[in-house]
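The values are calculated or read from the model by the stated rules, or taken from the named source; none is laboratory data. Predicted, not measured: the structure shown is a model, and the values here were computed from it. So basically every Cβ, Gly included, is an ideal-geometry build from the backbone, and we count neighbours across all protein chains shown.
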Amino acid sequence: MIDVDDVLTNFNKAFLRLCHEEFGTPDDLQISEWDFYKSIPGLTLEMEQLVWEKIKQTVNFYETLPAYGSKEDFLSLRKAILEGKHEFYFITSRFPTKGKSVEEQTSSWIEQHVGVRPVVLVAPRKGRLCKELRIEIALDDAPHHIEDLTSHSIRVVVMDWSYNRHIKDLPRVKSLSEFIELLDGMKR
């Protein structure tokens, strides 16, 4: 299982840009805590909620996100998918926006950047779904999803971000390519 936001896409960058456009907050900082308003100087919880509402009203918002992964990451992922050694699911907890469904927007984005038609599923809690799908290894960045996945005995690799560094004793990667390199060794 591969998460989408801040693994494939750079949701954090897009969120920072929207906050900057709406409120003039800095747009060139690293998100250090899961709640944006705790990481962005000058942003209140109420202002953060307004940005979430703007996202919900944006037609096909998820198709416009910048890439977090590099071209090499996406080529590595494409190769791994086409080789067929592993079955990949892209599971996200995104909420609906105007326009196409979350699944359609996400599939379109992945197809455009990776060059394959993916299996995209939406789940607010990923652990149970991964267990039902018999997923053995998951890559995620969100602390609450990592906790949910591990509570369902899913092996988790953490996409390294400052907001999840309090999570210890799990393997970490800094790129999608690094995760793909780990897959063969972890499946044994």
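Could you grab the pairs with beta carbons closer than 8 Å, sequence gap of 6+ or different chains, first residue in the stretch 151-179 and within 19 Å of L29 (Cβ to Cβ), second one assigned to a strand (DSSP E or B) and β-branched (V, I, T)?
Listed by first residue and then by second, the contacts come to M159/V173; D160/V173; N164/V158.
Within the stretch 158-186, count every residue that is assigned to a loop (DSSP other than H, G, I, E, B) and in contact with an Asp or Glu (Cβ under 6 Å, 6 or more places away or on another chain). Even if it seems obvious, please write down each step before you answer.
Here is the first cut: in the stretch 158-186, the ones assigned to a loop (DSSP other than H, G, I, E, B) are 160-161, 165-171, 174-175.
From what is left, the residues that are in contact with an Asp or Glu (Cβ under 6 Å, 6 or more places away or on another chain) are 161, 174-175.
Residues that pass the stated criteria total 3.
Against the definition (assigned to a loop (DSSP other than H, G, I, E, B) and charged (D, E, K, R)), how does K79 come out, yes or no?
Working: assigned to a loop (DSSP other than H, G, I, E, B): no; charged (D, E, K, R): yes.
In short, no.
Between a residue in the stretch 92-104 that is over 17 Å from V119 (Cα atoms) and any residue that is assigned to a loop (DSSP other than H, G, I, E, B), which pairs come within a Cβ distance under 6 Å, given they are 6 or more apart or on different chains?
Qualifying pairs under 6 Å: T97/T58; K98/V59; G99/V59; G99/N60.
Somewhere in the stretch 65-75, is a residue surrounded by fewer than 19 Cβ atoms within 10 Å (Cβ to Cβ), in contact (Cβ under 8 Å) with a residue 24 or more places away in the chain, among the basic types (K, R) and not in a loop (DSSP other than H, G, I, E, B)?
Of the stretch 65-75, the ones surrounded by fewer than 19 Cβ atoms within 10 Å (Cβ to Cβ) are 66-67, 70-72, 75.
Add one more test, that the residue is in contact (Cβ under 8 Å) with a residue 24 or more places away in the chain, and what stays is 66-67, 70, 72.
The next check asks that each one be among the basic types (K, R); those that pass are none.
There is no residue in the stretch 65-75 that is surrounded by fewer than 19 Cβ atoms within 10 Å (Cβ to Cβ), in contact (Cβ under 8 Å) with a residue 24 or more places away in the chain, among the basic types (K, R) and not in a loop (DSSP other than H, G, I, E, B).
Search the stretch 99-127 for residues being in contact with a helix residue (DSSP H, G or I) (Cβ under 6 Å, 6 or more places away or on another chain) and of a type in the set (K, R), and hand back the single one that is farthest from D73 (Cα to Cα).
Filtering the stretch 99-127 for residues that are in contact with a helix residue (DSSP H, G or I) (Cβ under 6 Å, 6 or more places away or on another chain) and of a type in the set (K, R), the one farthest from D73 (Cα to Cα) comes out as R125.
Does the stretch 123-135 contain any residue that is over 22 Å from D35 (Cβ atoms), touching a residue at least 40 places away in the same chain (Cβ under 8 Å) and not in a loop (DSSP other than H, G, I, E, B)?
Of all residues in the stretch 123-135, those over 22 Å from D35 (Cβ atoms) come to 128-135.
From what's left, touching a residue at least 40 places away in the same chain (Cβ under 8 Å): 130, 133, 135.
Checking the rest, the ones that are also not in a loop (DSSP other than H, G, I, E, B) come to 130.
Yes, because at least one residue in the stretch 123-135 is over 22 Å from D35 (Cβ atoms), touching a residue at least 40 places away in the same chain (Cβ under 8 Å) and not in a loop (DSSP other than H, G, I, E, B).
With respect to the numbered conditions (1) surrounded by fewer than 20 Cβ atoms within 10 Å (Cβ to Cβ); (2) closer than 20 Å to H144 by Cβ; (3) under 16 Å from the mean Cα position of the chain (by Cα), which one is the sole condition not fulfilled by M1?
(1)
Any residue in the stretch 23-37 that's more than 18 Å from M159 (Cβ to Cβ) and at pLDDT 95 or above: show its pairings with residues that are assigned to a loop (DSSP other than H, G, I, E, B) and among the aliphatic types (A, V, I, L, M) at Cβ separation under 6 Å, as long as the two are six or more apart or on different chains.
Taking only residues 6 or more apart or on different chains, the pairs are T25/I40; T25/L43; Y37/L43.
Determine whether the stretch 38-61 contains at least one residue that is under 22 Å from H145 (Cα atoms), touching a helix residue (DSSP H, G or I) at 6+ places or on another chain (Cβ under 6 Å), of a type in the set (S, T, Y) and not assigned by TED's automatic domain parsing to the domain that holds S107.
So far as the stretch 38-61 goes, no, none of its residues is under 22 Å from H145 (Cα atoms), touching a helix residue (DSSP H, G or I) at 6+ places or on another chain (Cβ under 6 Å), of a type in the set (S, T, Y) and not assigned by TED's automatic domain parsing to the domain that holds S107.
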